[in-house]
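These notes are about the structure you will find just below.
The values are calculated or read from the model by the stated rules, or taken from the named source; none is laboratory data. Bear in mind that the values here come from a model prediction, so they are computed numbers and not experimental data. With ideal geometry, Cβ positions are generated from the backbone for all residues, glycine too; neighbour counts draw on all protein chains shown. To get the accessible areas, we keep the full protein, side chains included, count just its heavy atoms, and leave off ligands, DNA and RNA. Shrake-Rupley method; radii C 1.70, N 1.55, O 1.52, S 1.80 Å.
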Amino acid sequence: MMDNFRFQPGETPVLLSIPHVGTALPDDLKPRLTDAALAVPDTDWNLDRLYHFAPALGVGFLKATWSRYAVDLNRDPAGAALYAGADNTELCPLSTFDREPVYRPGQEPDADEVQRRIDAYWRPYHEKLEAELQAMRDRFGVAVLFDAHSIRSRVPRFFKGRLPDFNMGTGGGVTASPSLVHRVMTALGADEKHSAVLNGRFTGGYITRTYGRPDQNIHAIQLELSQITYMDEEAPFRFRDDRADVVRPTLHRLITALVEWAWKNAEGPRRSFL
């Protein structure tokens with residue numbers, strides 16, 4: 001069976017998580033999916049390529065291999081809605097962002113199957129994420145989780161009009177130190193070509209809200225990046241070097257700000273990668 005994730009350890013108190021970049025589908029699931037779902041359109045396409053510079057800054061790198069259609073790693077395993085009162089996709093999504101059915105008629109998973117997918121796909125990623133954050137906090141005295149996501153700039157199901165380019169989320173202000181958030185927003189504010197918002201439409205998903213524990217010196221922030229900044233938003237979802245070259249300096253400045261803040265607040269052994 002394919003590994004649930006790819007992991008590269010870092011040498012700083014910062015971990016980059018990309019839970020929706022996976023595109024693989026289990027063989028027993030494929031025949032049950034619609035043609036629309038088989039194209040896995042709601043993937044956070046190419047984010048691992050966009051952030052390829054992060055390991056050189058000493059940042060740990062954790063990315064999913066399975067598609068969110070197997071199970072959504074950024075959802076509550078108990079099935080609670082991500083945003084109360086809003087239109088949400090499920091732990092095992094039943095519809096695409098464009099409201100197309102994921103499953104052929106009568107092929108939707110029952111409760112037992114959902115639990116099996118939690119055990120097979122969801123739990124291993126979260127166990128690794130939790131273990132790495134704890135190890136970083138024990139080693140350095142502090143840990144910073146950067147949960148990286150992306151989405152089309154226009155998705156009427158979830159928001160009106162065009163989404164800002166950088167959508168930072170800190171659970172409404174509870175998952176990270178205010179001084180860390182200030183550094184992050186200052187880094188984004190230096191970019192005159194892209195727009196940014198804090199705790200707007202996307203305030204951070206299950207991962208950010210669960211692992212962001214400032215009182216335990218574990219801080220978490222989420223970035224929902226508008227895909228128009230680095231790729232073609234329609235199939236075949238082509239990576240655009242011309243766009244990536246414009247937005248990547250800001251992402252580099254952002255990750256650097258996380259590393260600098262983490263070192264400033266670290267208590268354990270230090271090594272500069274800047």
Fill in: Label-point separation in nm, residue 76 to residue 56, each point 7 Å along Cα→Cβ
4.2 nm
Practice prompt. May I ask for the Kirkwood hydrodynamic radius of the chain, worked out over all distinct Cα pairs and given in angstroms to one decimal?
Written response: 18.9 Å
Item to complete: Please identify, among 60, 22, 173, the residue showing maximal mean-square fluctuation in a Gaussian network model of the chain using a 10 angstrom Cα cutoff.
Response: 173
Worksheet item: Which ³J(HN,Hα) values in Hz, rounded to whole numbers, follow from the phi angles of the stretch 107-113 under the Karplus curve 6.51 cos²θ - 1.76 cosθ + 1.60, where θ = phi - 60° and Gly and Pro get x?
Response: 9, 5, x, 8, 4, 5, 5
Item to complete: Please build a GNM for the chain, connecting alpha carbons under 10 Å apart, and tell me which residue among 234, 130, 90 fluctuates the most.
Response: 234
Response to the item:
Counting only protein heavy atoms with a 1.4 Å probe and every protein chain in place, the carbon and sulfur fraction of the accessible surface of the stretch 86-180 in whole percent equals 50 percent
Worksheet item: What are the lysines whose alpha-carbon lies under 23 Å from the alpha-carbon of residue 63, with same-chain residues fewer than 8 places away excluded?
Response: 30, 128
Worksheet item: Which value at 222 nm does the chain reach when only helices count, each DSSP H run of 4 or more adding -39,500 (n - 2.57), with the total divided by all residues and rounded to the nearest 500 deg cm²/dmol?
Response: -8000 deg cm²/dmol
Response to the item:
Long-range amide H partners of residue 34, meaning residues 5 or more apart or on another chain whose placed amide H is closer than 5 Å, are 103, 104
Fill in: Protein-only accessible surface order, largest first, of 195, 95 at 1.4 Å
195, 95
Discussion item. Between residue 39 and residue 241, what is the label-point separation in nm under the 7 Å Cα-to-beta-carbon projection?
Written reply: 2.6 nm
Worksheet entry | the stretch 1-112, dipole about Cα centre (Lys/Arg Cβ +1, Asp/Glu Cβ -1), debye to the nearest 20 | 300 debye
Worksheet item: How large, in Å, is the stretch 136-272 by the Kirkwood hydrodynamic radius built from its alpha-carbon pairs?
Response: 15.6 Å
Worksheet entry | Amide H contacts under 5 Å for residue 14, placed H, 5+ residues apart | 60, 144
Practice prompt. Scale the Cα Rg of the stretch 1-84 by the rule-of-thumb value 2.2 N^0.38 Å and send over the ratio, two decimals.
Written response: 1.23
Worksheet item: Taking Rh as the Kirkwood radius computed over C-alpha pairs, what is the Stokes-Einstein D of the stretch 76-207 at 20 °C in a medium of viscosity 1.002 mPa s, expressed in µm² per second?
Response: 123 µm²/s
Discussion item. Taking each pair of distinct Cα atoms in the stretch 68-130 once, what is the resulting Kirkwood hydrodynamic radius in Å?
Written reply: 12.4 Å
Response to the item:
One point scatterer per Cα, no solvent, Debye formula: log10 I(q)/I(0) for the stretch 215-267 at q = 0.18 Å⁻¹ comes out as -0.71
Item to complete: Please compute the Cα-Cα pair-distance distribution of the stretch 167-208 with 10 Å bins starting at 0, giving whole percents from short to long.
Response: 30, 54, 16, 0
Item to complete: Write down Rg/Rh for the stretch 1-145, rounded to two decimals, with Rg from the C-alpha atoms and Rh from the Kirkwood relation over Cα pairs.
Response: 1.00
Discussion item. At 1.4 Å probe radius, can you tell me the per residue accessible area of the stretch 187-237 in Å²?
Written reply: 40 Å²
Item to complete: Take the Cα atoms of the stretch 43-93, build their convex hull, and give its volume per residue in Å³.
Response: 108 Å³
Worksheet entry | Rounded to 5, percent antiparallel among DSSP beta bridges of the stretch 139-274 | 35 percent
Worksheet item: Just going by the charge dipole of the stretch 51-129, with Lys and Arg at +1 and Asp and Glu at -1 on Cβ, which of 101, 81, 120 is farthest out on the positive end?
Response: 120
